[in-house]
1. Taking the stretch 258-286 only, how many residues are crowded, with 20+ Cβ neighbours inside 10 Å, among the small types (Gly, Ala, Ser), part of a helix (DSSP H, G or I) and out of contact with any Gly (no Cβ under 8 Å at 6 or more places or on another chain)?
2. Being part of a helix (DSSP H, G or I) and either free of Cβ contacts under 8 Å to residues at least 60 places away in the same chain or over 16 Å from the mean Cα position of the chain (by Cα) (or both) is the filter here; which residues of the stretch 161-170 pass it?
3. Looking only at the stretch 216-257, which residues are farther than 30 Å from residue 55 by Cβ, outside any loop (DSSP other than H, G, I, E, B) and without any contact (Cβ under 8 Å) to a residue 12 or more places away in the chain?
4. I'd like the full set of residues that are polar (S, T, N, Q), part of a helix (DSSP H, G or I) and touching a Pro at 6+ places or on another chain (Cβ under 8 Å), limited to the stretch 302-340.
5. Looking at the stretch 70-104, which of its residues are within 19 Å of residue 156 (Cβ to Cβ) and not polar (S, T, N, Q)?
6. Residues 28, 90: which one is more than 30 Å from residue 318 (Cβ to Cβ), surrounded by 14 or more Cβ atoms within 10 Å (Cβ to Cβ) and modelled with pLDDT under 95?
7. Of these, 173, 205, which one is surrounded by fewer than 20 Cβ atoms within 10 Å (Cβ to Cβ), under 20 Å from the mean Cα position of the chain (by Cα) and modelled with pLDDT of 95 or more?
Amino acid sequence: MLYVRIVALIRRFLMPVAIAAIVTALALDLWNPSEPIGIDFHTYEAAARVGIEQGWSRIYDQSLVAAAQKDLVPNQPAQPFLSPPTTAWLAALFAPLPYWPSYYVWALFTFLAFALALAWASRDKGWRRWVVAAGALSPWWVLHAVHLGQVVPLVAAGVVVASRLVHERRDVAAGAALALVALKPNTAFLVPFALLVAGRYRAFATWAGVGVVIAIVAVATMGSGGTSAYIDQLAGPLPAGADYLTLEGALGVNGTVAFAARIVIVAASLAAAFRLRHSTGLAIASGTLGSLLVAPYLHGSDLCLLSAAAWMVWQERPAVVWRVPIAVGWLISTPTIAWTSLSFSLNRWPVIELALLAALVIEAWWPGRRRQPALTGKADLGEPATA
(Lines give C-alpha, C1' and ligand atoms only; values in the text may rest on other atoms or scores of the structure.)
Protein backbone atom coordinates (compact mmCIF):
# COMPACT_ATOMS: atom_id res chain seq x y z
CA MET A 1 0.00 0.00 0.00
CA LEU A 2 2.84 2.39 0.86
CA TYR A 3 4.52 1.61 -2.46
CA VAL A 4 1.32 2.32 -4.40
CA ARG A 5 0.91 5.66 -2.63
CA ILE A 6 4.52 6.67 -3.28
CA VAL A 7 4.28 5.76 -6.97
CA ALA A 8 0.99 7.65 -7.23
CA LEU A 9 2.62 10.74 -5.70
CA ILE A 10 5.55 10.48 -8.11
CA ARG A 11 3.19 10.24 -11.08
CA ARG A 12 1.05 13.08 -9.79
CA PHE A 13 3.85 15.56 -9.24
CA LEU A 14 6.56 14.50 -11.72
CA MET A 15 4.81 15.85 -14.81
CA PRO A 16 4.11 19.37 -13.43
CA VAL A 17 7.64 19.58 -12.03
CA ALA A 18 9.16 18.41 -15.31
CA ILE A 19 7.07 20.78 -17.42
CA ALA A 20 7.89 23.67 -15.07
CA ALA A 21 11.58 22.77 -15.30
CA ILE A 22 11.55 22.72 -19.09
CA VAL A 23 9.70 26.04 -19.29
CA THR A 24 12.07 27.54 -16.70
CA ALA A 25 15.11 26.32 -18.62
CA LEU A 26 13.81 27.87 -21.82
CA ALA A 27 13.06 31.16 -20.06
CA LEU A 28 16.46 31.33 -18.36
CA ASP A 29 18.27 30.44 -21.56
CA LEU A 30 16.50 33.26 -23.40
CA TRP A 31 16.86 35.76 -20.56
CA ASN A 32 20.43 35.08 -19.49
CA PRO A 33 22.15 32.48 -21.69
CA SER A 34 25.33 31.03 -20.21
CA GLU A 35 26.84 30.50 -23.66
CA PRO A 36 26.11 31.89 -27.13
CA ILE A 37 23.00 30.31 -28.60
CA GLY A 38 23.73 27.51 -31.05
CA ILE A 39 27.50 27.75 -30.56
CA ASP A 40 28.07 24.03 -31.22
CA PHE A 41 25.71 23.82 -34.20
CA HIS A 42 27.51 26.94 -35.43
CA THR A 43 30.69 24.86 -35.59
CA TYR A 44 29.02 21.80 -37.15
CA GLU A 45 27.39 23.93 -39.84
CA ALA A 46 30.64 25.75 -40.60
CA ALA A 47 32.45 22.45 -41.11
CA ALA A 48 29.60 21.20 -43.29
CA ARG A 49 29.78 24.26 -45.51
CA VAL A 50 33.55 23.92 -45.81
CA GLY A 51 33.00 20.33 -46.91
CA ILE A 52 30.33 21.26 -49.44
CA GLU A 53 32.18 24.23 -50.88
CA GLN A 54 35.85 23.28 -50.57
CA GLY A 55 35.91 19.52 -50.20
CA TRP A 56 35.38 17.12 -47.31
CA SER A 57 39.10 16.58 -46.98
CA ARG A 58 39.34 20.11 -45.54
CA ILE A 59 36.75 20.00 -42.74
CA TYR A 60 39.54 19.73 -40.16
CA ASP A 61 41.40 22.73 -41.54
CA GLN A 62 40.56 24.88 -38.55
CA SER A 63 41.40 28.16 -40.25
CA LEU A 64 38.78 27.45 -42.91
CA VAL A 65 36.24 26.35 -40.30
CA ALA A 66 36.88 29.47 -38.21
CA ALA A 67 36.41 31.68 -41.27
CA ALA A 68 33.16 29.90 -42.12
CA GLN A 69 31.92 30.42 -38.55
CA LYS A 70 32.62 34.14 -38.80
CA ASP A 71 30.74 34.28 -42.10
CA LEU A 72 27.74 32.54 -40.56
CA VAL A 73 27.54 34.51 -37.29
CA PRO A 74 30.14 37.31 -37.06
CA ASN A 75 29.46 38.08 -33.39
CA GLN A 76 30.00 34.53 -32.10
CA PRO A 77 33.43 33.14 -31.19
CA ALA A 78 34.88 30.48 -33.45
CA GLN A 79 35.83 27.11 -31.97
CA PRO A 80 37.65 24.15 -33.53
CA PHE A 81 35.63 21.40 -35.19
CA LEU A 82 36.68 18.17 -33.45
CA SER A 83 33.55 16.08 -34.01
CA PRO A 84 33.49 13.01 -36.28
CA PRO A 85 32.78 13.66 -39.96
CA THR A 86 29.34 12.10 -39.46
CA THR A 87 28.28 15.23 -37.56
CA ALA A 88 29.30 17.48 -40.44
CA TRP A 89 27.45 15.22 -42.88
CA LEU A 90 24.28 15.51 -40.83
CA ALA A 91 24.65 19.28 -40.49
CA ALA A 92 25.06 19.50 -44.27
CA LEU A 93 21.39 18.51 -44.63
CA PHE A 94 20.52 21.88 -43.08
CA ALA A 95 22.90 23.93 -45.24
CA PRO A 96 20.27 24.91 -47.86
CA LEU A 97 18.50 26.98 -45.18
CA PRO A 98 19.75 30.35 -43.93
CA TYR A 99 21.77 29.91 -40.76
CA TRP A 100 19.30 30.95 -38.06
CA PRO A 101 16.33 29.02 -39.46
CA SER A 102 18.62 26.01 -39.82
CA TYR A 103 19.64 26.28 -36.15
CA TYR A 104 16.04 26.44 -34.91
CA VAL A 105 15.02 23.50 -37.08
CA TRP A 106 18.03 21.56 -35.79
CA ALA A 107 17.24 22.45 -32.15
CA LEU A 108 13.61 21.36 -32.52
CA PHE A 109 14.66 18.20 -34.35
CA THR A 110 17.16 17.10 -31.69
CA PHE A 111 14.82 17.82 -28.77
CA LEU A 112 11.84 16.08 -30.37
CA ALA A 113 13.99 13.11 -31.38
CA PHE A 114 14.98 12.52 -27.75
CA ALA A 115 11.50 13.25 -26.37
CA LEU A 116 9.70 11.02 -28.85
CA ALA A 117 12.26 8.24 -28.40
CA LEU A 118 11.58 8.26 -24.65
CA ALA A 119 7.81 8.18 -25.18
CA TRP A 120 7.89 5.55 -27.94
CA ALA A 121 10.27 3.20 -26.12
CA SER A 122 8.38 3.37 -22.83
CA ARG A 123 6.63 0.28 -21.52
CA ASP A 124 3.99 2.45 -19.87
CA LYS A 125 0.79 3.34 -21.66
CA GLY A 126 -1.12 6.56 -22.21
CA TRP A 127 -0.20 9.62 -20.17
CA ARG A 128 2.20 7.66 -17.95
CA ARG A 129 4.78 7.36 -20.71
CA TRP A 130 4.73 11.14 -21.15
CA VAL A 131 5.13 11.69 -17.40
CA VAL A 132 8.31 9.61 -17.30
CA ALA A 133 9.59 11.11 -20.56
CA ALA A 134 9.07 14.58 -19.11
CA GLY A 135 10.99 13.54 -16.00
CA ALA A 136 13.95 12.37 -18.09
CA LEU A 137 13.86 15.62 -20.09
CA SER A 138 13.66 17.89 -17.04
CA PRO A 139 17.38 18.01 -16.04
CA TRP A 140 19.13 21.22 -17.01
CA TRP A 141 21.56 19.51 -19.35
CA VAL A 142 18.87 18.50 -21.87
CA LEU A 143 17.79 22.08 -22.60
CA HIS A 144 21.44 23.15 -22.34
CA ALA A 145 22.28 20.70 -25.14
CA VAL A 146 19.42 22.07 -27.25
CA HIS A 147 20.53 25.65 -26.51
CA LEU A 148 24.04 24.86 -27.74
CA GLY A 149 22.77 22.98 -30.79
CA GLN A 150 24.55 19.87 -29.55
CA VAL A 151 24.27 16.55 -31.36
CA VAL A 152 24.22 14.49 -28.15
CA PRO A 153 20.39 14.34 -27.79
CA LEU A 154 20.40 12.30 -31.01
CA VAL A 155 22.91 9.86 -29.51
CA ALA A 156 20.69 9.54 -26.42
CA ALA A 157 17.67 8.99 -28.68
CA GLY A 158 19.48 6.22 -30.54
CA VAL A 159 20.39 4.43 -27.30
CA VAL A 160 16.82 4.71 -25.98
CA VAL A 161 15.29 3.43 -29.24
CA ALA A 162 17.77 0.54 -29.25
CA SER A 163 16.67 -0.41 -25.72
CA ARG A 164 13.11 -1.03 -26.92
CA LEU A 165 14.19 -2.78 -30.11
CA VAL A 166 16.40 -5.29 -28.29
CA HIS A 167 13.62 -5.77 -25.73
CA GLU A 168 11.43 -6.83 -28.67
CA ARG A 169 14.27 -8.92 -30.14
CA ARG A 170 14.54 -6.70 -33.21
CA ASP A 171 18.30 -6.86 -32.93
CA VAL A 172 19.22 -5.77 -36.45
CA ALA A 173 17.11 -2.64 -36.11
CA ALA A 174 18.65 -2.00 -32.68
CA GLY A 175 22.14 -2.20 -34.13
CA ALA A 176 21.15 0.27 -36.84
CA ALA A 177 19.75 2.66 -34.20
CA LEU A 178 23.07 2.49 -32.37
CA ALA A 179 24.75 3.87 -35.49
CA LEU A 180 23.81 7.27 -34.02
CA VAL A 181 26.60 6.71 -31.50
CA ALA A 182 28.95 7.57 -34.37
CA LEU A 183 27.83 11.20 -34.04
CA LYS A 184 29.59 11.46 -30.65
CA PRO A 185 31.24 8.14 -29.77
CA ASN A 186 32.79 9.13 -26.43
CA THR A 187 29.33 9.34 -24.81
CA ALA A 188 28.11 5.77 -25.46
CA PHE A 189 30.84 3.71 -27.12
CA LEU A 190 30.52 0.81 -24.64
CA VAL A 191 26.83 0.23 -25.34
CA PRO A 192 27.34 -2.06 -28.37
CA PHE A 193 29.87 -4.08 -26.40
CA ALA A 194 27.43 -4.36 -23.51
CA LEU A 195 24.96 -5.90 -25.96
CA LEU A 196 27.67 -8.20 -27.27
CA VAL A 197 28.42 -9.66 -23.83
CA ALA A 198 24.67 -9.83 -23.20
CA GLY A 199 24.41 -12.23 -26.14
CA ARG A 200 22.77 -9.88 -28.64
CA TYR A 201 25.21 -10.76 -31.39
CA ARG A 202 23.12 -9.57 -34.33
CA ALA A 203 22.73 -6.13 -32.77
CA PHE A 204 26.49 -5.86 -32.29
CA ALA A 205 27.24 -7.19 -35.77
CA THR A 206 24.83 -4.71 -37.37
CA TRP A 207 26.33 -1.81 -35.43
CA ALA A 208 29.84 -2.94 -36.39
CA GLY A 209 28.86 -3.36 -40.05
CA VAL A 210 27.36 0.13 -40.21
CA GLY A 211 30.49 1.45 -38.50
CA VAL A 212 32.71 -0.13 -41.13
CA VAL A 213 30.63 1.46 -43.90
CA ILE A 214 30.84 4.86 -42.18
CA ALA A 215 34.62 4.49 -41.81
CA ILE A 216 35.03 3.57 -45.48
CA VAL A 217 32.92 6.52 -46.61
CA ALA A 218 34.81 8.86 -44.26
CA VAL A 219 38.22 7.79 -45.57
CA ALA A 220 36.99 7.92 -49.17
CA THR A 221 35.59 11.44 -48.82
CA MET A 222 38.32 12.93 -46.63
CA GLY A 223 41.30 11.17 -48.14
CA SER A 224 44.48 10.38 -46.26
CA GLY A 225 45.15 14.06 -45.54
CA GLY A 226 41.77 14.76 -43.97
CA THR A 227 41.82 11.49 -42.03
CA SER A 228 45.28 12.22 -40.65
CA ALA A 229 44.23 15.74 -39.69
CA TYR A 230 41.27 14.35 -37.74
CA ILE A 231 43.40 11.77 -35.92
CA ASP A 232 46.09 14.33 -35.11
CA GLN A 233 43.59 16.74 -33.61
CA LEU A 234 41.99 14.03 -31.49
CA ALA A 235 45.44 13.33 -30.06
CA GLY A 236 45.98 17.00 -29.23
CA PRO A 237 45.34 18.78 -25.93
CA LEU A 238 41.79 18.71 -24.57
CA PRO A 239 39.60 21.82 -24.74
CA ALA A 240 39.46 23.89 -21.56
CA GLY A 241 37.01 22.47 -19.01
CA ALA A 242 36.59 19.18 -20.87
CA ASP A 243 37.79 17.15 -17.86
CA TYR A 244 35.24 18.39 -15.28
CA LEU A 245 32.97 15.40 -15.94
CA THR A 246 35.75 12.81 -16.12
CA LEU A 247 37.44 10.73 -13.43
CA GLU A 248 40.21 13.29 -13.29
CA GLY A 249 37.82 16.14 -12.58
CA ALA A 250 35.56 14.20 -10.22
CA LEU A 251 38.03 12.12 -8.21
CA GLY A 252 41.27 14.03 -8.72
CA VAL A 253 43.10 10.98 -10.07
CA ASN A 254 45.62 11.05 -12.89
CA GLY A 255 48.10 8.91 -14.77
CA THR A 256 48.33 5.26 -13.81
CA VAL A 257 45.60 5.50 -11.18
CA ALA A 258 43.12 6.99 -13.66
CA PHE A 259 44.04 4.36 -16.26
CA ALA A 260 43.58 1.53 -13.75
CA ALA A 261 40.24 2.99 -12.62
CA ARG A 262 39.03 3.05 -16.20
CA ILE A 263 40.00 -0.59 -16.69
CA VAL A 264 38.06 -1.55 -13.56
CA ILE A 265 35.00 0.47 -14.65
CA VAL A 266 34.95 -1.06 -18.14
CA ALA A 267 35.27 -4.55 -16.66
CA ALA A 268 32.54 -3.88 -14.09
CA SER A 269 30.23 -2.35 -16.68
CA LEU A 270 30.56 -5.26 -19.12
CA ALA A 271 30.41 -7.89 -16.37
CA ALA A 272 27.20 -6.33 -15.08
CA ALA A 273 25.81 -6.28 -18.62
CA PHE A 274 26.53 -10.01 -18.90
CA ARG A 275 24.92 -10.81 -15.56
CA LEU A 276 21.90 -8.61 -16.37
CA ARG A 277 21.54 -9.92 -19.91
CA HIS A 278 17.93 -10.99 -19.31
CA SER A 279 17.09 -7.33 -18.59
CA THR A 280 18.55 -5.75 -21.70
CA GLY A 281 17.64 -2.23 -20.62
CA LEU A 282 19.88 -2.66 -17.57
CA ALA A 283 22.64 -4.08 -19.76
CA ILE A 284 22.46 -1.01 -22.01
CA ALA A 285 22.32 1.29 -18.97
CA SER A 286 25.49 -0.36 -17.65
CA GLY A 287 27.24 0.26 -20.95
CA THR A 288 26.02 3.86 -21.04
CA LEU A 289 27.23 4.64 -17.53
CA GLY A 290 30.55 2.94 -18.18
CA SER A 291 31.02 5.03 -21.33
CA LEU A 292 30.42 8.28 -19.45
CA LEU A 293 32.75 7.32 -16.63
CA VAL A 294 35.73 6.32 -18.77
CA ALA A 295 35.43 9.01 -21.45
CA PRO A 296 38.56 11.20 -21.61
CA TYR A 297 36.50 14.37 -22.08
CA LEU A 298 32.86 15.38 -21.66
CA HIS A 299 30.74 18.50 -21.37
CA GLY A 300 27.58 19.21 -19.41
CA SER A 301 25.36 18.54 -22.39
CA ASP A 302 26.70 14.98 -22.58
CA LEU A 303 24.75 14.18 -19.42
CA CYS A 304 21.78 13.58 -21.73
CA LEU A 305 23.13 10.02 -21.68
CA LEU A 306 22.81 9.96 -17.89
CA SER A 307 19.12 10.84 -18.34
CA ALA A 308 18.80 7.98 -20.82
CA ALA A 309 20.49 5.50 -18.46
CA ALA A 310 18.30 6.52 -15.51
CA TRP A 311 15.21 6.25 -17.71
CA MET A 312 16.17 2.69 -18.72
CA VAL A 313 16.64 1.66 -15.09
CA TRP A 314 13.22 3.18 -14.32
CA GLN A 315 11.69 1.07 -17.07
CA GLU A 316 13.31 -2.16 -15.92
CA ARG A 317 12.99 -1.80 -12.16
CA PRO A 318 9.58 -0.57 -10.91
CA ALA A 319 10.46 -1.12 -7.24
CA VAL A 320 10.28 1.99 -5.08
CA VAL A 321 13.91 1.51 -3.96
CA TRP A 322 14.95 2.23 -7.56
CA ARG A 323 12.35 4.74 -8.69
CA VAL A 324 12.38 7.14 -5.76
CA PRO A 325 16.14 7.89 -6.04
CA ILE A 326 15.78 8.36 -9.81
CA ALA A 327 12.85 10.74 -9.35
CA VAL A 328 14.81 12.67 -6.72
CA GLY A 329 17.78 12.83 -9.09
CA TRP A 330 15.63 14.29 -11.85
CA LEU A 331 14.15 16.77 -9.38
CA ILE A 332 17.47 18.08 -8.05
CA SER A 333 18.83 18.43 -11.58
CA THR A 334 15.96 20.63 -12.78
CA PRO A 335 17.01 24.21 -13.56
CA THR A 336 14.93 25.53 -10.68
CA ILE A 337 17.21 23.73 -8.20
CA ALA A 338 20.35 23.14 -10.26
CA TRP A 339 20.97 26.87 -10.73
CA THR A 340 20.81 27.64 -7.02
CA SER A 341 23.20 27.18 -4.11
CA LEU A 342 21.59 23.77 -3.51
CA SER A 343 22.95 22.37 -6.76
CA PHE A 344 25.78 19.92 -7.29
CA SER A 345 28.93 21.24 -8.88
CA LEU A 346 29.53 19.86 -12.36
CA ASN A 347 32.27 17.49 -11.23
CA ARG A 348 29.92 15.78 -8.75
CA TRP A 349 27.75 14.22 -11.44
CA PRO A 350 30.32 11.50 -12.25
CA VAL A 351 29.95 10.41 -8.62
CA ILE A 352 26.21 9.99 -9.27
CA GLU A 353 27.03 7.98 -12.40
CA LEU A 354 29.41 5.84 -10.36
CA ALA A 355 26.76 5.28 -7.68
CA LEU A 356 24.16 4.19 -10.25
CA LEU A 357 26.64 1.85 -11.93
CA ALA A 358 27.57 0.42 -8.53
CA ALA A 359 23.87 -0.19 -7.84
CA LEU A 360 23.60 -2.13 -11.11
CA VAL A 361 26.72 -4.15 -10.25
CA ILE A 362 25.22 -4.99 -6.85
CA GLU A 363 21.93 -5.91 -8.51
CA ALA A 364 23.81 -8.18 -10.92
CA TRP A 365 25.43 -10.14 -8.07
CA TRP A 366 22.72 -9.80 -5.41
CA PRO A 367 22.39 -13.15 -3.60
CA GLY A 368 19.25 -14.95 -4.65
CA ARG A 369 18.50 -12.44 -7.40
CA ARG A 370 15.81 -13.76 -9.69
CA ARG A 371 15.52 -12.87 -13.31
CA GLN A 372 12.54 -10.55 -13.62
CA PRO A 373 10.22 -11.14 -16.58
CA ALA A 374 9.66 -8.36 -19.05
CA LEU A 375 6.76 -6.05 -18.31
CA THR A 376 5.29 -6.31 -21.81
CA GLY A 377 5.84 -8.13 -25.06
CA LYS A 378 7.81 -11.29 -25.66
CA ALA A 379 11.25 -9.84 -25.16
CA ASP A 380 13.72 -10.99 -22.57
CA LEU A 381 11.61 -14.03 -21.67
CA GLY A 382 14.19 -16.57 -22.62
CA GLU A 383 17.87 -16.94 -23.27
CA PRO A 384 19.46 -14.25 -25.45
CA ALA A 385 19.40 -14.83 -29.16
CA THR A 386 22.62 -16.34 -30.45
CA ALA A 387 22.02 -15.99 -34.15
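The values are calculated or read from the model by the stated rules, or taken from the named source; none is laboratory data. Note that the structure is predicted; figures quoted are calculated from it, not measured. Please note: Cβ atoms are built from the backbone with ideal geometry, for glycine as well, and neighbour counts cover all protein chains shown.
1. Total satisfying the criteria: 5.
2. Passing the criteria: 161, 164, 165, 166, 167.
3. Once the filter is applied, which keeps residues that are farther than 30 Å from residue 55 by Cβ, outside any loop (DSSP other than H, G, I, E, B) and without any contact (Cβ under 8 Å) to a residue 12 or more places away in the chain, the stretch 216-257 yields 248, 255, 256, 257.
4. Across the stretch 302-340, the qualifying residue is only 307.
5. 84, 90, 91
6. Of the residues listed, the single one that is more than 30 Å from residue 318 (Cβ to Cβ), surrounded by 14 or more Cβ atoms within 10 Å (Cβ to Cβ) and modelled with pLDDT under 95 is 28.
7. 173
Results for (1) modelled with pLDDT of 95 or more; (2) of a type outside the set (Gly, Ala, Ser); (3) assigned to a helix (DSSP H, G or I); (4) within 20 Å of residue 148 (Cα to Cα), shown as yes or no for each residue.
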| site | (1), (2), (3), (4) |
| --- | --- |
| 35 | no, yes, no, yes |
| 48 | yes, no, yes, yes |
| 65 | yes, yes, yes, yes |
| 75 | no, yes, no, yes |
